[in-house]
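Visitor: Sharing a structure below in structure tokens format, with a few things to ask.
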Ligand SMILES: [Fe+2]
Ligand SMILES: [Fe+2]
């Protein structure tokens with residue numbers, strides 16, 4: 001196997017040389033880096049730039065010589081999807097948001113496909129994505145590295161709680177604005193109707209996650225840590241409830257998209273009263289929270305849960 005002796009490379013060229021070597025690999029191929037200290041910084045840089053597309057295995061761990069075998073994972077040569085890209089580095093979400101590209105419900109598309117659908121030049125988006133990866137700030141919101149059971153609890157404690165707390169106010173405001181302004185602004189009546197549907201769907205949806213799917217994910221995570229056996233769930237395999245949850249995400253995301261269009265991207269008309277303005281501002285916030293919520297489930301939690309189940313139950 002090829003050994004890349006990093007100690008012989010000029011400092012500023014070390015990381016580019018490793019990336020070049022990695023990018024030239026086909027799925028399943030590997031090379032070894034040889035260094036005089038722990039090359040962990042390269043690991044973090046690769047996670048940030050290439051996502052979970054590689055294996056990282058120490059062959060020697062000091063004190064004088066460090067060797068790591070880096071393997072390109074099978075199937076990782078396929079272009080990453082928008083959802084996977086955001087999962088690998090959350091700073092990219094801002095770029096997709098700016099171009100109106102949906103990275104949660106529509107997260108299974110590649111950048112090319114998403115751009116084609118929106119009629120945007122993919123090169124412009126790719127350039128901004130590359131810049132986003134080098135921008136300061138951290139990838140501390142690196143949910144990808146969290147344990148799945150912790151992530152499930154986090155989603156419930158933040159996003160589910162946010163939805164539960166926001167629904168009564170939004171429900172009341174949208175009904176009030178439709179009642180008062182429906183004659184001069186008929187779109188407010190449709191907005192209230194769409195919102196009522198989203199509110200009902202989301203309540204049932206979150207109940208299913210909290211009482212059926214997430215407890216099973218937490219069981220799998222505990223089993224993986226402690227080696228305890230897990231019984232086959234009544235729903236057969238986790239792929240079944242996940243498919244249902246993803247379809248419901250699609251539906252809620254679609255209704256919010258309708259509301260966005262009806263409200264001209266949450267822009268209140270000149271004559272809007274305070275309730276009208278608060279409603280639009282709050283709906284905008286609600287949609288953004290929903291996108292992040294669905295992203296964490298579709299792109300991070302669910303794929304990890306599928307992998308855990310496959311490893312544990314075969
Ligand atoms: Fe959820
Ligand atoms: Fe969900």
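Visitor: Checking residue 79 against (1) outside any loop (DSSP other than H, G, I, E, B); (2) touching a helix residue (DSSP H, G or I) at 6+ places or on another chain (Cβ under 8 Å); (3) loosely packed, with under 15 Cβ neighbours inside 10 Å: exactly one of these is not met. Which one?
Guide: Of the numbered conditions (1) outside any loop (DSSP other than H, G, I, E, B); (2) touching a helix residue (DSSP H, G or I) at 6+ places or on another chain (Cβ under 8 Å); (3) loosely packed, with under 15 Cβ neighbours inside 10 Å, the odd one out for residue 79 is (1).
Visitor: For residues that are more than 23 Å from residue 159 (Cα to Cα) and exposed (fewer than 15 other Cβ atoms within 10 Å of the Cβ), scanning just region 278-314, find the one that is farthest from ligand 1 (Cβ to nearest atom).
Guide: 314
Visitor: Filter the strands (runs of 3 or more DSSP E) completely within region 1-74 down to those with at least 3 residues that are surrounded by fewer than 16 Cβ atoms within 10 Å (Cβ to Cβ).
Guide: 54-61
Visitor: Checking the condition within 16 Å of ligand 1 (Cβ to nearest atom) and within 21 Å of the chain's Cα centre (by Cα), which residue from 242, 212 passes?
Guide: It is 242.
Visitor: Being more than 23 Å from residue 244 (Cα to Cα), at pLDDT 80 or above, outside any helix (DSSP H, G or I) and under 19 Å from the mean Cα position of the chain (by Cα) is the filter here, so list the residues in region 102-146 that pass it.
Guide: Of everything in region 102-146, just one residue is more than 23 Å from residue 244 (Cα to Cα), at pLDDT 80 or above, outside any helix (DSSP H, G or I) and under 19 Å from the mean Cα position of the chain (by Cα), namely 146.
Visitor: In addition: Which members of region 198-223 meet the condition of being exposed (fewer than 15 other Cβ atoms within 10 Å of the Cβ) and more than 14 Å from ligand 2 (Cβ to nearest atom)?
Guide: 200, 215, 222, listed by residue number.
Visitor: For region 70-82, what are the residues that are at pLDDT 85 or above and within 15 Å of residue 115 (Cα to Cα)?
Guide: 81, 82 - these are the residues of region 70-82 that are at pLDDT 85 or above and within 15 Å of residue 115 (Cα to Cα).
Visitor: Right, something else. Within region 268-292, which residues are closer than 21 Å to residue 183 by Cβ and in a helix (DSSP H, G or I)?
Guide: Those that are closer than 21 Å to residue 183 by Cβ and in a helix (DSSP H, G or I): 274, 275, 276, 277, 278, 279, 280, 283.
The values are calculated or read from the model by the stated rules, or taken from the named source; none is laboratory data. Bear in mind the structure is a predicted one, so any value in this text is a computation, not a measurement. Note that we place each Cβ from the backbone using ideal geometry, even for glycine, and neighbour counts take in every protein chain shown.
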